[in-house]
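The next block holds one structure in the form of structure tokens; read it before the comments.
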Amino acid sequence: MSPRPLSLPLDDAVLPDLRSGDSVLLSGEMLTARDAAHARFAAAIRAGEELPVDVDGATICFVGPTPARPGHPIGSAGPTTASRCDPYSPLLVERGLRGMVGKGRRSEEVKSSMREHGCVYLGAVEGTAALLSQCVTAAEVVAYEDLGTEAVRRIVVRDFPVLVVNDLHGGDLYDEGPARWRRSR
Amino acid sequence: MRRFVVETIERAGPSASPPVTIGIGMGGTFDRAAVLAKRALTRHPTGSPSPDPAVAELERDILDAVNATGIGPAGFGGTVTALSVHVEAFPTHIAAFPVAVNLDCHSHRVREVTL
């Protein structure tokens, strides 16, 4: 099955169509944030402050890119383990986050929050950072510049390849994929 | 021990970025097992069997058990969850048997230099 092109920000109307295991090509704007930026988001929310970026409708990619070479928008940019952000993600999902891109399992709290508020978790293939960075056409730091690689960036991607891991219907590719291939010995 | 390794791989799941390379140290006291696991992980060339036939058989068996989990590349499901299993063994007290497991993701790069 050829991958389905999807534009960012994700359209609320297409989210229910996505099923775990679907192959998708993302094009448009994403935010980048890892655990350090998420901890600051959470602190700001607890303090009742406005977030420095609008997460309503947004998709966040869990990545800390390496410095860009001259003439390139971004350095190597591969997904990090999403569970680092698990303690914070529900706070953002409740505020309208529609997509997350990373790798590795999410907690039950994150998954139930995603189902409740309408957010999908998309898996990018780790270890392919140099290749993935070729799908990034622009990048700028938009918050927490002092965090360096962990600063929040707005990036523009074209045909960024991901698989749907957690959909709105309880599907989880990390359960279904291995179950399909498991063998007894 | 095989069950322990398989449980470790299942717990790590997609977060370990499979297909993984697995280094296992068994025997000695735990400090030695940990060092042996690192030495096993960095065995050069990757995928070469232990010179000890019994250990090499154990490596083959563990590799098959790990690949039977179906975790597969990136944890999306598939037949290859580990690329190779390297075991380094050392004598130990019969009541102890420490085992250390050291994983590397699919981007397993090993270089050898002589100092």
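With helices as the sole contributors, the protein assembly as shown gives -7500 deg cm²/dmol at 222 nm; each DSSP H run of n ≥ 4 counts as -39500 (n - 2.57), and the sum is divided by every residue. Under the rule a/c < 1.5 gives rounded, and otherwise a/b versus b/c splits prolate from oblate, where does the stretch A:1-159 land using the Cα gyration tensor? Cα axes put the stretch A:1-159 in the oblate bin.
Evaluated with a Cβ-only charge set (Lys, Arg +1; Asp, Glu -1), the protein assembly as shown carries a dipole of roughly 780 debye about its Cα centre, given to the nearest 20. Shielding of peptide B:64-75 by partners, expressed as the average count of other chain Cβ atoms within 10 Å per residue Cβ, is 5.
Values in this text are rule-based calculations from the coordinates and carry no lab data. Model, not experiment: these values are computed from the prediction. Every residue, glycine as well, gets a Cβ built from its backbone with ideal geometry; the counts of neighbours run over all protein chains shown.
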